[in-house]
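The structure appears right after this line, and notes come after that.
A short reminder: the numbers here are calculations on the coordinates, not readings from a lab. All values derive from a computational prediction rather than experimental measurement. Ideal geometry is used to build each Cβ from the backbone, glycine not excepted, and the neighbour counts take in all protein chains shown.
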Amino acid sequence: MTWAGLGRVLVVSLAALGCGAAVTGCAPRPLYDWGRYEESLQASYVSHDDDQVWSGLEATVTAAERSRHRLPPGACAEYGFALYRRGDRDRAITYFEREAQLFPESKPLMDKLIAKIRGGSSPDEQPPDGAGTDGEAAR
Amino acid sequence: MTGRWCIVLVVLAIASCGPKRHYSSYYAHEPRSILVVPALNETTAVEAQAVYMTTVSRPLAERGFYVFPLLLTEALLRDLGLPEAGLVHEMPVERFRDLFGADAVLFVTIKDWSNKYIVVQSSTVVKVSFVLKDTRTGAVLWESTQSAARNSGDGGGSVIGMLIAAAVTYAVNEMTETDYRPLAQQANVQAFYVRGVGLPAGPYHPDFAKDRSYYPP
């Protein structure tokens, strides 16, 4: 590194200190075991590789089940949705229920998806009137 | 020094230099769950939205919030006839409570996602703005704008070295799509985690409700 480079680092550090901006960074111990969850997101958004989306989600969920790690928010729900898309309705419901158990904040949405699967329609299908409201979700 | 060139991560701590924040609106509608809707891309970089979306769940969840599953969210929105971020951002926020049961919605706008050349140096910049809204009232709970930049090094002082450094940087940028990802991640960390201006810890974080002195009402 040259002196100019060092100088730049110093200026930036001083600027940060001057602002009193203590960048605390990520928590030292993560709350969740992310496994290959982010890889799945990248496969879906960037490389559009459905097989990798699936394998990443499956690996994340099964690894956490084996080691009793904490699954991050959304992992079970995404896995359930992937299962549904593969035609496995029963296991899709199991994982939607699991998401609602781990994170009660997701219960209104998970219940809605489960009701749709049981009613024979696709979870991402909206009622024709587009209302999409039920008392439970509004709570 | 030798031909080594360094990458300097420059934290543009502009937002964190502002006046002290108050969190009265935040505490009045303190969210447990956050729905991240597709980011609005105001840049000409077509891949920006997709790459950005892969970076946001983790830091937000690690801050202690329930973050709704992104892929499922997008599928549900698409089925509602909302395939584009622009339409989603214009939707009345109360609808997100009806549809998802979310306490709050995070609207992300990508302001800059570019690689600029200044003489022989290049600077990669990601600038993102965040607005968190309560789904009951539509009130703004928190907002932030963050930039993260990475400059190519000076290549050791000689003109040849500088040219090589710029060429290498260019090649790296051309080759990897993931180049912007660390900058997007950095912008998120700056936004969510900087004490006093970021997000107070959410309900799954051990600091939940204990960090109010840093985030005054």
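Counting Lys and Arg as +1 and Asp and Glu as -1, what is the net charge of the other residues whose Cβ lies under 14 Å from the Cβ of B:THR43? It works out to a net charge of 0.
Within the set of other residues whose C-beta is less than 15 Å from the C-beta of B:ASP134, count the net charge using Lys and Arg as +1 and Asp and Glu as -1. Once all neighbours under 15 Å are counted, the net charge is -1.
Between A:ARG68 and B:ALA209, the modelled labels are 2.7 nm apart [label points 7 Å from Cα along Cα→Cβ]. Add +1 for every Lys or Arg and -1 for every Asp or Glu among the other residues with Cβ under 13 Å from the Cβ of A:TYR95, and state the total. Taking every other residue near A:TYR95 into account, the sum is -2.
For the range B:81-95, the Karplus equation 6.51 cos²θ - 1.76 cosθ + 1.60, evaluated at θ = phi - 60°, returns couplings of x, 10, x, 10, 4, x, 5, 5, 5, 8, 5, x, 4, 4, 4 Hz by residue, with Gly and Pro reported as x. Among B:THR145, B:THR54, the ranking by other beta carbons within 10 Å of each residue's beta carbon, starting with the fewest, stands as B:THR145, B:THR54. With neighbour counts taken as other beta-carbon atoms within 10 Å, the residues A:SER40, B:SER144, A:SER47 rank, fewest first, as A:SER47, B:SER144, A:SER40.
Of all aspartates and glutamates in the structure, those lying under 12 Å Cα to Cα from B:LYS111, and not within fewer than 8 positions of it along the same chain, are B:GLU42. When A:HIS69, B:HIS205 are sorted by how many other C-beta atoms sit within 10 angstrom of their C-beta, beginning with the fewest, the order is A:HIS69, B:HIS205. Remark: the range A:33-122 is approximated by an ellipsoid whose semi-axes, taken from the C-alpha gyration tensor as √(5λ), come to 20, 16, 11 Å, largest first.
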